[in-house]
Each structure stands twice: as structure tokens, then as C-alpha cells.
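To start, the structure under review is shown below, and the notes come after it.
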Amino acid sequence: MNLLENATPAQREAITHHDGALMILAGAGSGKTLVITSRIARLIHDGVPPRNILAITFTNKAAAEMKERMETLLGRTSAWISTFHSMCARILRAHADRLGFTRDFIIYDTDDTRSCIKSLIKKTGLDSASFNPRVFAGIISRAKRDAITPDDFAACAYGPVEKAAAELYPQYEQALHSNNCMDFDDLLLMCRRLLRENSDILQKYADRFRYISVDEFQDTNPIQYMLARLLACKHKNICVVGDPDQTIYTWRGATLQNIFDFEKDFPGAKVIRLEQNFRSTKNILRAASELIKHNVMRKEKTLITDNPEGDEITVMESGDEQDEADNVARFIRDCVDGGCAHHDIAVLFRVNAQSRALEESMLHHNIPYTIVGTVAFYRRKEIKDILAYLRLAVNRDDAVSFTRAVNTPPRGMGRVTLGRISDIASREGVTVMDVLAGKSKESPLSKRQKQSANAFCGIIEKIRAMHDKPVTDIVMEAVRLSGYQRRLEDGRDDRADDRIANMDELINAAAEYGRQNEEATLQDFLEQVALVSDTDRWDEKADRVTLMTLHSAKGLEFPVVIICGLEEGLLPHMLSMESPDQIEEERRLCFVGMTRAMKRLALTYARRRAVSGRYHDRMPSRFLNEIPADAVDIRKTAAGEPDKTDGELDDDPGGFSGDLGFKGGDYVQHEHFGPGRIMSLQKRGRLTHARIFFEEAGERTVVLQYANLKREEGW
């Protein structure tokens, strides 16, 4: 086993590092996954027992790929390889009683959390029309990520929404505890609490994990880094791998500060830079590198490659989003005609809403495609309905799953009856299933409803009794016993065939999980389902073009990448405009997208785009102007040319041609209006009218020849 064959000097240094803290600053496409797995394999080869190694990745897909690589190198391994959330769930299962939970607690996903909060809004008497469960879920999630308790949150709540959230936060926590459930944020928060409050448990895991590796370190939040530090407190053999230039998740709590703090927290830590890129052509790498240099918050490194120079980056200007989508389809056709397979191509975009026009164009041009990260498989209605039966069989306390399953299909118990059941359960301190089964002092059910209730309880008990059977058998039986499929077959649902096919796919997923995890229980399967991410079910081998968001593309690579919508307000996104830090994150997101490309890269923008049913003029993203001009091939489509009416001879919103030394996208200073940016130039006879967005004065149109503008470097 030659783990150092073909390794660069920097990779070799990282692979052979043994004891002490290590930070690997791994540039895009620098082979970091190979380095991580080879380093772990080297430790094991040098005599470290696999059970003493913990490797944390950021997605289930990455964890599975690492396990596969490790098994290729070493055979079956007992090293812990998992995501942060999976690791925390595993630790919590073993010690849930210390926190007042049982080991069969259920993990609430986003939809479950919103359902729970929605019911609390009704109970609290808040106006459901004014207060959105989604907003409250986001506020509470941010509080948990910052480790803010309900009491602390209430003390600093400001305004009606935050004060209402402060009222709901403790009720939500109580509901989770009563239901024997935790949400995503709780997995991290509760695990941290468990380790901090129970020295014996901390000692157990700190003793065990002699060597810890954390991938995608730039995307860790403060609690995740705190957990890693706690587990590394004894041996201090912690290796973190990350790239500050690829931090794109600050909106969900990630912080660059973890990278900057690592050397302070672990004095004497070794820092190794992986700067050799094996993925992209020289031209793509140069363009991406020049772009990211405009960021201030970064650790300097210089990416190099021995790959060929490669094609220029194609920049496509289009008239609107439909024209853009058609240009993308034609570009894909050219690539396929040139020898590319469809699965070699990825189309990336900033927001999910951009996918509509792209999908329509793919269908129109008969291009096979798959879309990643829109309606996730496990969030589809029929899948959530069957999972509710399974979750209730594992945890009878789960009120959210009860509410979903008990009337799916309908069993004659409406909202009023279910509300009474919930009230009785709260008053008597029992579960809703106990009330339904007649184990409470009072019952709101009629004779007919009791018959339905007994039948439902019987179904749940039959599923529960299969706990020692293979997961596939349990899922198949849940589909059969629920009567869900039979009702679809007999009913009028125009999507019945799709829903039945999806339930078949759920059974297939259970079967696949069972094959990969022979000792798996239903609880294990439900945990895996709860923690699944957008890309986990994506089949990269299917010969289809991949459509996905820039965030979902993190960690992937494709021979051909097309990034759509490089416009001010879209990339960078309009919500980032007020903050230099957020603009830097948008630039990192663009950098991540560009560095997914191996051989060809195309960047597109539209001159106008429909928003809320109305078209708005757009200006090209500032990021296009930050790419070297000699690295791009600019294409402007005929459909992208404006109508030449009212004496308008030209309209240059983008900026690759100039007038009087100015071009669209330039930053300027006006003596009255202050700093601004040119959105478009229009020639009218001998004069040029410049439409400019000023930082303080808003949008204005001035005559360029008389405006006495001065060029600025930026705002």
C-alpha cells in the first residue's frame, strides 16, 4: 500500500503528519479527499486502532464516499466516519437518559418543526395570518445555533415578532421534550450540553478518539467547532481541512472565525497549504483566482495547475431568462455534439426559482436532465405520510407524526376532535396515543370514532411488533397496513400513479439501506432519512444534465459547468448588497461554482428578468468585471439586442463596450448625487444617456457628456 505515490510534496507532508494539531488549507480541486483518507489509512497502517479514529465530513454522501475509499485501502474499518449531526445523534442515543429523553427519540426535520410551531401558534392565540411558522422556526433555529436559551432570548427580544417568538420558544422546547423529539439544531446543542455537564461521558469519548479529522472546516459553526475541541481535549491530535475561499454557509451559522482561531486554540499547530489544482484548466483557474483576490477576509494562497491552458470562458448575454435558458440549451447541444456526455454537464444557479425556465428549455430541446435540491424526495407528501406511521411506531410520544398519520387516509376524526385529544393529553400528562387507545380518564371520541381509533392503534402496534424484522419488510407492511396505496388506487387523485411510484421508491430506499447496513433497525433508517441532504439521492452516473443550486454543487466537479444569472441582485444576491461581508460570501459562492469546472466554463446573464410577473432591467454582475478580460469569450445573442425605438441607437447594459471611457458596470462619482454605478448606456444622436444607480440618490439618468463623472474603484 503506497499512499505517497504521485503525491505532491505538500500532500506528502499532510499524509505523513502524525501527532499534534494540523490545519490543511486545501484549495479547490487540490485532492483534499485523497489526502484525508490517505492520512487516516497511514495512521491505521502505523498501528493506530481504527476505533480510535473519528472522521467528520459535512454530508452523508461525502461520508459514504470516504468509507468506500477507506474500505478500498484497508478493507472494512471500524473508524467513525460521519457528519456532525450523525455523530451527535449516535452519542445522544447512547446517553439520552442523562438529558431526560429516551434512546428512541425522533429527529424533527424542517417540516416537522414548522408543523409543531403552527400548532403552538393556535394554542397561544396568536394571529396565524400575521405570524408565519416559517419565520418563527428560523428565529428559534438561529437562537439555538448561537446557544441562546429561551430566557436569554426573551430578555433581549425586540419588536412584536421577536417578542412573539420569545413566547413560543420555551413552549416549543417543552413540546419537543414531551414528544421525545429533537430538531436538527438540538442534535448539536444537546450533544454539547451532554459532554459539558457529564465529565464521565466526555472522558469516555475523549479517551476513545485519539485522532480526529474535520473536513470542510470553513463551514463549521461555533457549536460544531466547540464539539470538536471538547472531543480533542485529551490527545490534541486534531486535523482540520478547509478553504476560507469556499465559506458559503454563514447564513446557517458557519463562521470563518473558526479557521482564524484554530492556531490560537491549538498553539504550535502545523499549517499546510495544498495549492496544486488537479481539476481545472489554467484559464478557468486563473479567472477564479483573480475573482477571489477581491475578497479581504481570506488566507492568502496561490493555486497552480499543470493542466492545459484550455478554452476561454464563455460569457453569454441574453435578452431575458427564457432567452438565457435557450442559449444554455444550445451550448449544451454544442458540448454533446463535441463528444461530452450529458452527465458531464452541470447548470448552476443562485436560487431555485431560476430552474423553471431552464427546465422548460431542457424539455423543449429534448435534453435529458435531473434537478437536485428542489422538492426533496423525503419531503414529498406521500413519503412524509408513510414515514409518520413508521415514526409513531418507534416513538408513541410523537404528536406531530400522530397528527399526520391518524387521518391519512381519513378516519373520521376532524380538527376539533384532534384538538380535544391534544388538550386531554396535556391535562392528564399522557400521550395522544394513550387518549386514542382509551387509556386516559376522559375521551372525546364517539362510538364510531372509537372503532376507527382502535383500528389505527392496531396498525401502529403491528408495525411496532416488527421491530426485529428487516427494514424493507417493515416499510412494505406500513404501506400495506395504512391503506394509503389502496385509497390512491381507488380515488380521484390525478397524481396517484406518481405517488404510488414514490412509495415504491421508498421501499427501494429501505432495501438499499438494509443491504448497506445489515444490522440496521427501523430507528436507524428513520435517522438516516431525517439527516439526508439535497445531493444524497442524486445519481451522478445517470446520463442526464444536472441542474442544481451553487450551494448544492459544493464539493462536486464536472467537465462542463454553466453558471446562470450573473446579474446584480441575483449573483450577488440583492439581500447581500448592504454588507461588504455578504458581498464577499457571494463572491466566494461564485468562486465555488467556477472551480467546479474541469474543462469548460460558461457564465450567463440576462438584460432583463421577470420578477413577480413584471420585467425589470438587469445589469451584469460586478463579478464579471473582476475576471480578466483576456480569459473570456463574449457572446451576445440576437435575441438579446434591444428594440431600437424613440431614436435609441444602442443600449449597452453590460458593459463590455465603452463610451467616453465609461462602460456599464463602472463605479462613478457625481458631484451632486455622490457615488453610483452605471447600469446602462444609451446613445441618442450624438449624446449618451447613462442610467446610474446612486448609493444615496437611487436611480438617475444623466447625459454622459455633461455629467462630469469621475471613475471610482468601488463603493
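The values are calculated or read from the model by the stated rules, or taken from the named source; none is laboratory data. Not measured: the values here are computed from a predicted model. Cβ: placed from backbone, ideal geometry, glycine included. Neighbour counts: every protein chain shown. Note: areas computed on protein heavy atoms with side chains; ligands, DNA, RNA excluded. Shrake-Rupley method; radii C 1.70, N 1.55, O 1.52, S 1.80 Å.
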message: At 0.36 nm per residue, and after removing the present C-alpha to C-alpha distance, how many nm does the segment from ASN454 to PHE278 gain when stretched out fully?
response: 57.1 nm
- request: Convert each backbone phi in the stretch 592-599 into a coupling constant with the Karplus relation 6.51 cos²θ - 1.76 cosθ + 1.60 (shift: θ = phi - 60°), then list the ³J(HN,Hα) values in order as whole Hz, x for Gly and Pro.
  value: 4, x, 4, 7, 6, 7, 9, 10
- line: Summing -39500 (n - 2.57) over every DSSP H run of at least 4 in the chain, dividing by its residue total and rounding to the nearest 500, the 222 nm mean residue ellipticity is -13500 deg cm²/dmol
query: ALA94 label point, 7 Å along Cα→Cβ, cut-off 17 Å on backbone N: hits in the stretch 218-261?
result: 227-235
field: Nearest-20 debye value, the stretch 418-506 charge dipole, Cβ charges on Lys, Arg, Asp, Glu
entry: 600 debye
task: Output the lone cysteines of the chain: those with no second cysteine's C-beta under 4.7 Å from their C-beta.
output: CYS116, CYS156, CYS181, CYS233, CYS239, CYS457, CYS564, CYS590
message: Greater than 31 Å separation of Cα atoms is the criterion. Which listed pairs, LYS599/LYS683; LYS381/LYS541; LYS234/LYS293; LYS282/LYS636; LYS61/LYS144, meet it?
response: LYS599/LYS683; LYS234/LYS293
- prompt: Using modelled amide H (1.01 Å from N, peptide plane; none on Pro or chain starts), what sits under 5 Å from the amide H of VAL632, excluding residues fewer than 5 places away?
  reply: ILE313
- request: Could you order peptides 27-37, 99-109, 303-313 by the average number of other Cβ atoms within 10 Å of their residues, highest first?
  value: 27-37, 99-109, 303-313
field: Peptide ranges 45-51, 261-267 listed from the most packed, as the mean C-beta count within 10 angstrom indicates
entry: 261-267, 45-51
statement: With +1 at each Lys and Arg Cβ and -1 at each Asp and Glu Cβ, the charge dipole magnitude of the chain around its Cα centre, to the nearest 20 debye, comes out at 2080 debye
query: So how far apart, in nm, are the two label points at ARG356 and HIS18 if each is 7 Å from Cα heading toward Cβ?
result: 6.1 nm
query: Kirkwood hydrodynamic radius of the stretch 325-403 from all distinct Cα pairs, in Å?
result: 15.5 Å
task: Could you size up the charge dipole of the stretch 327-371 around its Cα centre, putting +1 on the beta carbon of Lys and Arg and -1 on that of Asp and Glu, and report it in debye to the nearest 20?
output: 160 debye
message: Quick check: the angle from helix 159-178's long axis to the longest principal axis of the chain, C-alpha only, nearest 10 degrees?
response: 40 degrees
- prompt: Angle between the Cα long axis of helix 60-74 and the longest principal axis of the chain, 0 to 90 degrees, nearest 10?
  reply: 80 degrees
- prompt: Which label marks the calculated value of Cα Rg over 2.2 N^0.38 Å, given the options (1) 1.01; (2) 1.21; (3) 1.05?
  reply: (3)
field: For the stretch 541-604, Kirkwood radius (reciprocal of mean inverse C-alpha pair distance, Å)
entry: 12.5 Å
statement: Amide H contacts under 5 Å for VAL545, restricted to residues at least 5 apart in sequence or on another chain and with H modeled in the peptide plane, are TYR369, THR370
- prompt: So how far apart, in nm, are the two label points at ASP633 and ARG427 if each is 7 Å from Cα heading toward Cβ?
  reply: 7.6 nm
statement: Inter-part gap, Cα centre of the stretch 182-198 to Cα centre of the stretch 202-251, in whole angstrom, is 15 Å
task: Could I have the simple spin-label model distance between ALA155 and ALA542, label points 7 Å from Cα toward Cβ, reported in nm to one decimal?
output: 5.2 nm
message: Leaving out ligands and nucleic acids, and using a 1.4 Å probe, what accessible area per residue does the chain come to in Å²?
response: 45 Å²
task: Could you tell me how many degrees, from 0 to 90 and to the nearest 10, lie between the Cα long axis of helix 133-145 and the main elongation axis, the longest principal axis, of the Cα atoms of the chain?
output: 90 degrees
- request: Run the 1.4 Å probe and let me know the accessible area of TYR513, rounded to the nearest 10 Å².
  value: 40 Å²
